[in-house]
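What follows is calculated from the coordinates using simple rules that are stated; it is not laboratory data. All values derive from a computational prediction rather than experimental measurement. With ideal geometry, Cβ positions are generated from the backbone for all residues, glycine too; neighbour counts draw on all protein chains shown.
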Amino acid sequence: MAYNADIVRDRYDNYGDREWTRLEQDANGILLYEVHKELLFRHIHKLDNVLEIGAGSGRYTKELVDICNELTVVDISSHQVKFNKQKMKELGKIDAIKAFHVADMIDMDMFEDDEFDNVVCIGGPLSYLLDKEKEGVQELLRVTKPGGTIIMGVMSIIGAFSYYFNGILHEKEAYGIDATKWVIDTGV
């Protein structure tokens, strides 16, 4: 399956404000949030210049602004960037953020090579790239200083299958086994 930025953008523009509460809905979300937070606190330092890719509503943005020197926020969804800004204003953290950008992670020409000490790309951004994952990783490497740290994560097929099991059964019943096989093969 080929990457289509419009599908990802539309999904998160339409997902709306639910992204803010997604990681507090159940034990799995809370655990995921705490594990990622621990990684951020372990690898991001007070003097670091950090780029957050796929920042969404700002769940991790609110943590990052407190542990780094300078933070730049990027998301493909204009709604998520707008919501992130609003949340950071509400939390009194807006002035700690250098810039907000609406951009696709495979095209971040607004940034120089080796611009950031650390890049944070957790959640789904790399998973959504499908056949463009190498371009995405190359962009992360390009904007990260030599010796810098990239904290990234992907969604696993097993995790997606477990989480969406009832929906996958519905797909099988409605569209047949080929639709189910596609979900298992791609994780999408």
How high is the relative contact order of region 5-155, in percent, counting Cα pairs under 8 Å that sit 6 or more residues apart? 23 percent
Ordered by number, the trypsin sites (Lys or Arg not before Pro) in region 1-81 that occupy a DSSP loop and have at most 13 other Cβ atoms within 10 Å are LYS46
If I stretch the segment between ASP95 and GLU38 completely, what's the gain in nm (0.36 nm per residue apart, minus their alpha carbon distance), one decimal? 18.1 nm
Between ASP109 and ASP10, what is the label-point separation in nm under the 7 Å Cα-to-beta-carbon projection? 2.5 nm
Restraint check, LYS82/LYS172; LYS37/LYS93; LYS134/LYS172; LYS46/LYS89; LYS82/LYS181; LYS46/LYS132, Cα-Cα greater than 27 Å: LYS82/LYS172; LYS134/LYS172; LYS82/LYS181; LYS46/LYS132
In nm, to one decimal, how far is the modelled label at LYS181 from the one at SER78, with both set 7 Å along Cα→Cβ? 4.1 nm
Say each of LEU169 and MET152 gets a label point 7 Å from the Cα, pointing the same way as Cα to Cβ; how far apart are those two points in nm? 3.6 nm
